[in-house]
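First the structure, in the form of C-alpha cells, and then the observations on it.
We did not get these values from a lab; they are worked out from the coordinates using the rules stated. The structure presented is a predicted model; accordingly, all values stated were derived computationally and were not measured. Backbone-built Cβ (ideal geometry, glycine too); neighbour counts: all protein chains shown.
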Amino acid sequence: MSMSDKMLAVLRRQYDPTVEMLKNLIEVCPDDLWMDVEQKYWRHIFHATTSMKFWFRQHKDEEFVIPDFGKDIVEDLDKECSDHPTKEELVKYLEDILSVARSFFDELTDDRLLEPCVLYEEITKTDVILMQIRHVQHHVGYCNSILSSNHLEAAKWL
C-alpha cells in the first residue's frame, strides 16, 4: 500500500477493530453461555467469520469449505447442530481467516477498490469490505445483546 492509498487505509482502519471486537467476544464469553444451545452465541461468531472466508477469496474457483472441527457443527444459524467448537478452535479459525482478509487487502490499491470482486461482477471490492464490516458488526451487536441480557459486561467498542 502506497502513501497515496488513502481510502484503502481508511477501510483497514475500520475493518481491523471490527474483527478485533469479534475476537474479544470469544474471550469474554463464560463457558456456560458458550455452550448454551438456545443462545447460539458462538454460532454468530462462527457465521460472521465464515462469511469473511467466503467473500475475501481471491479466486472464483477457490474451494470454499466450512470447517466442522470434526464435530456436528454447522454455520447456518437456522440449522441445528449438537456440538460446538472450543473457544480455542474458534480463535484459531478467526486468525486463519484474518490471514485471508489481510491477503485480500494487501492486493488492493485505491485504484483497484472499484474493481469487481472475483465472485460477482456487480459487487466491487469496496462493497465486499464494507459488507463484511457491516455483517460482523451486526453479529458483534447480537452477541453483546446476549451478554447484556445475561447480566454480563458487553465486549468493548473499539
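A compact table of results
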{"quantity": "Top positive-direction residue, dipole computed over the chain with Cβ charges, set N150, L77, T50", "calculated": "N150"}
{"quantity": "Global geometry of region 6-149, whether rounded, prolate or oblate, following the gyration tensor of its Cα atoms and the 1.5 cut on a/c", "calculated": "prolate"}
{"quantity": "CD proxy at 222 nm, helix term only [per DSSP H run n ≥ 4: -39500 (n - 2.57); per residue of the chain; nearest 500]", "calculated": "-18500 deg cm²/dmol"}
{"quantity": "Violating pairs (Cα-Cα greater than 24 angstrom) within the set K79/K156; K6/K156; K40/K87; K92/K156", "calculated": "K79/K156; K6/K156"}
{"quantity": "Fluctuation leader among R57, R134, R13 - the chain, Gaussian network, Cα springs under 10 angstrom", "calculated": "R13"}
{"quantity": "Neighbour-count ranking [beta-carbon atoms within 10 angstrom, fewest first] of W157, W55, W34", "calculated": "W157, W34, W55"}
{"quantity": "FRET E, pair D61, D32, Förster distance 30 Å, beta-carbon r, rounded to 0.05", "calculated": "0.10"}
{"quantity": "Dipole magnitude of the chain, debye to nearest 20 (Cβ charges: Lys/Arg +1, Asp/Glu -1, about Cα centre)", "calculated": "540"}
{"quantity": "Within a Gaussian network of the chain (alpha carbon springs, distance under 10 Å), most fluctuating of F46, F56, F69", "calculated": "F69"}
{"quantity": "Cα-Cα pairs of region 64-145 separated by more than 16 Å (percent)", "calculated": "67"}
{"quantity": "Relative contact order for the chain, counting Cα pairs under 8 Å that sit 6 or more residues apart, in percent", "calculated": "37"}
{"quantity": "T124 long-range amide H proximity, modeled H, under 5 Å", "calculated": "C117"}
{"quantity": "Qualifying chymotrypsin sites (Phe, Trp or Tyr not before Pro) for region 85-133 [loop in DSSP, other Cβ within 10 Å: at most 14]", "calculated": "Y120"}
{"quantity": "For region 1-87: relative contact order, % (alpha-carbon pairs under 8 angstrom, 6 or more apart)", "calculated": "22"}
